[in-house]
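Engineer: Can you keep this structure in mind? I'll have questions shortly.
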Amino acid sequence: MRDLLAWVRAHLRSRQVSRVIYGAIIGLALVVALEAHPPDAGVVAATLVGTALAVALAEIYSELVGLEARGRRHARRAELRHLGADAAAVASGIAFPAAYFLLAAAGVFERSTAFDLAKWTGLGVIGVYGFAGARASGTGMRGSLLQATGVALIGGFLIALKALIH
């Protein structure tokens, strides 16, 4: 348990926090869009993983070009490792809900349950990160809850928009 707590603290101090949130928002938007005319659960899982890979590669490429253009030099090995870690964090945020659709494809539960789990845990991840970030910065409990609610409203907006349109 102590190791897990140390990992969480280190993670919350890393650059990857913002990347995971960014990926979770992309994943949530994709899940909400796919739910309108849902393909098979396996197709949803593959779409999430494929999108995660595409966005991660785009993240690496765009950051690499920006780094080289700003610095007027080639990227160093340590910089490439940082770009890879950032891209992996974005990809994990996007691909996380694929697990629910793989379970649905395996018959563990219905595809509609996978969509519900993907939407609400995505919203929860965004909110928990907002809360943890606020607490880590020294914000009190009320302010942290307010920040968590604010960032969770981003995901809530996507879910509500889909519900209104369909």
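Engineer: Taking the condition surrounded by 14 or more Cβ atoms within 10 Å (Cβ to Cβ) and within 18 Å of the chain's Cα centre (by Cα), does Leu67 pass?
Structural biologist: Values: surrounded by 14 or more Cβ atoms within 10 Å (Cβ to Cβ): yes; within 18 Å of the chain's Cα centre (by Cα): no.
Considered against the rule, which asks whether it is surrounded by 14 or more Cβ atoms within 10 Å (Cβ to Cβ) and within 18 Å of the chain's Cα centre (by Cα), Leu67 comes out as no.
Engineer: Scanning the stretch 1-21 for residues that are in contact with a Gly (Cβ under 8 Å, 6 or more places away or on another chain) and surrounded by fewer than 19 Cβ atoms within 10 Å (Cβ to Cβ), which turns out nearest to Gly84 (Cα to Cα)? Let's see the steps before the verdict.
Structural biologist: Filtering the stretch 1-21 down to residues in contact with a Gly (Cβ under 8 Å, 6 or more places away or on another chain) leaves 12, 17, 19-21.
Within this subset, residues satisfying the condition of being surrounded by fewer than 19 Cβ atoms within 10 Å (Cβ to Cβ) are 12, 17.
Numbers: Leu12: 18, Val17: 14 Å.
In this case the residue turns out to be Val17.
Engineer: Working only within the stretch 130-166, note down all residues that are of a type in the set (S, T, N, Q) and free of Cβ contacts under 8 Å to residues at least 12 places away in the same chain.
Structural biologist: Scanning the stretch 130-166 gives Ser137, Thr139.
Engineer: Further, regarding this structure: For the stretch 1-112, list the helices (runs of 4 or more DSSP H) that sit wholly inside it and hold at least 2 residues that are at pLDDT 90 or above and over 22 Å from Ala132 (Cβ atoms); which are they?
Structural biologist: Answer list for the stretch 1-112: 16-35, 41-71, 77-95, 98-105.
Engineer: On to the next question. Does Thr139 count as at pLDDT 90 or above, of a type in the set (S, T, N, Q) and under 22 Å from Arg15 (Cα atoms)? Reasoning before the result, please.
Structural biologist: Numbers: at pLDDT 90 or above: yes; of a type in the set (S, T, N, Q): yes; under 22 Å from Arg15 (Cα atoms): yes.
The answer is yes for Thr139.
Engineer: Check the stretch 140-157 and report whether any residue there is within 16 Å of the chain's Cα centre (by Cα) and among the hydroxyl-bearing types (Ser, Thr, Tyr).
Structural biologist: No, there is no match, as no residue in the stretch 140-157 is within 16 Å of the chain's Cα centre (by Cα) and among the hydroxyl-bearing types (Ser, Thr, Tyr).
Engineer: Of everything in the stretch 104-129, what is in contact (Cβ under 8 Å) with a residue 40 or more places away in the chain and closer than 19 Å to Thr51 by Cβ? Give them in sequence order.
Structural biologist: Listed by number, the residues that qualify are Ala104, Ala105, Arg111, Ala114, Phe115, Ala118, Lys119, Gly122, Leu123, Val125, Ile126.
Engineer: Separate question: Filter the stretch 128-138 for residues that are assigned to a helix (DSSP H, G or I) and either farther than 16 Å from Gly156 by Cβ or in contact with a Gly (Cβ under 8 Å, 6 or more places away or on another chain) (or both) and give the result.
Structural biologist: Answer for the stretch 128-138, where residues must be assigned to a helix (DSSP H, G or I) and either farther than 16 Å from Gly156 by Cβ or in contact with a Gly (Cβ under 8 Å, 6 or more places away or on another chain) (or both): Gly130, Ala132, Gly133, Ala134, Arg135, Ala136.
Engineer: Would you pick out the residues in the stretch 89-125 that are over 27 Å from Ser14 (Cβ atoms) and out of contact with any helix residue (DSSP H, G or I) (no Cβ under 8 Å at 6 or more places or on another chain)? Even if it seems obvious, please write down each step before you answer.
Structural biologist: Step one: list which residues in the stretch 89-125 are over 27 Å from Ser14 (Cβ atoms), which gives 101-116.
Listed by number, the residues that qualify are Ala106, Gly107, Val108, Ser112, Asp116.
Engineer: Being over 22 Å from Ser18 (Cα atoms) and either hydroxyl-bearing (Ser, Thr, Tyr) or surrounded by 18 or more Cβ atoms within 10 Å (Cβ to Cβ) (or both) is the filter here, so list the residues in the stretch 76-101 that pass it.
Structural biologist: Selection gives Tyr100, Phe101.
The values are calculated or read from the model by the stated rules, or taken from the named source; none is laboratory data. Please read these numbers as outputs of a predicted model, since none were measured by experiment. When we count neighbours, we look across all protein chains shown, and the Cβ atoms used for this are built from the backbone with ideal geometry, even at glycine.
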